[in-house]
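Below is one structure, written out as structure tokens; the observations come after it.
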């Protein structure tokens, strides 16, 4: 089942730091920018990116939320999904939104997130930050603005992101199903 390691613990830490810096380059002030992690596994990446940004700059302006897209998915009838908590205690009306998720694959999760976002206002702009981009697997015309690593993988392969806080280790692996 195991194929290879895509990112070691050290490489993962560097990628997260780089993603945080790239977001800061484009949104230095953060007063008109909100960061939103996608439930369930995108929040582990978003928590780490937000911590990096907070370590880098002392900003009271950093607004951070978590979004569950379970009931916005187009495969809700074919697969059983467990809903998670949405926590967005602010309006995104007129703001720059940076959506954060661990793996960009078909684009369907991001499409659902875009639909769900409209319940919280109409953003001025939406950007996408992902740790892993499976770039040749898209079913929808969605691409990331910030990418930790782009990979080429066949359909039978799966990208698994392990998080120390959830899985006991930090690592990204490519698996054969």
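Read the figures in this text as sums done on the coordinates, not as results from a lab. Keep in mind the model is a prediction, meaning the values are calculated, not measured. Cβ sites come from the backbone with ideal geometry, for glycine too, and all protein chains shown count toward neighbours.
Contact order, relative form, for the chain: 27 percent (alpha carbon pairs under 8 Å, 6 or more residues apart, mean separation divided by residue count).
Using a cutoff of 8 angstrom between alpha carbon atoms and counting only pairs six or more residues apart, the relative contact order for segment 133-177 works out to 31 percent.
Relative to one another, the C-alpha centroids of segment 1-70 and segment 95-163 are positioned 13 Å apart.
Taking the DSSP beta bridges with both ends in the chain, the antiparallel portion is around 30 percent.
How high is the FRET efficiency between residue 138 and residue 70 when r is their beta carbon distance and R₀ equals 30 Å, given to the nearest 0.05? Taking R0 as 30 Å, the efficiency between residue 138 and residue 70 is 0.90. Only helices enter the 222 nm calculation for the chain: every DSSP H run of n ≥ 4 contributes -39,500 (n - 2.57), and dividing by all residues gives -8000 deg cm²/dmol, rounded to 500.
May I ask you to list the residues of segment 146-163 whose amide nitrogen lies under 17 Å from a point 7 Å from Cα along the Cα→beta-carbon direction of residue 14? Only 147-151 pass the distance filter. For segment 85-146, what is the relative contact order in percent, using Cα pairs closer than 8 Å and at least 6 residues apart in sequence? In percent, rounded to a whole number, it is 45.
Tell me, what is the Rg over Rh of the chain, with Rh the Kirkwood radius over Cα pairs? Reported Rg/Rh, Kirkwood definition of Rh: 0.95.
In this simple spin-label approximation, residue 124 and residue 5 carry label points 7 Å from Cα along the Cα→Cβ vector, and these lie 4.3 nm apart.
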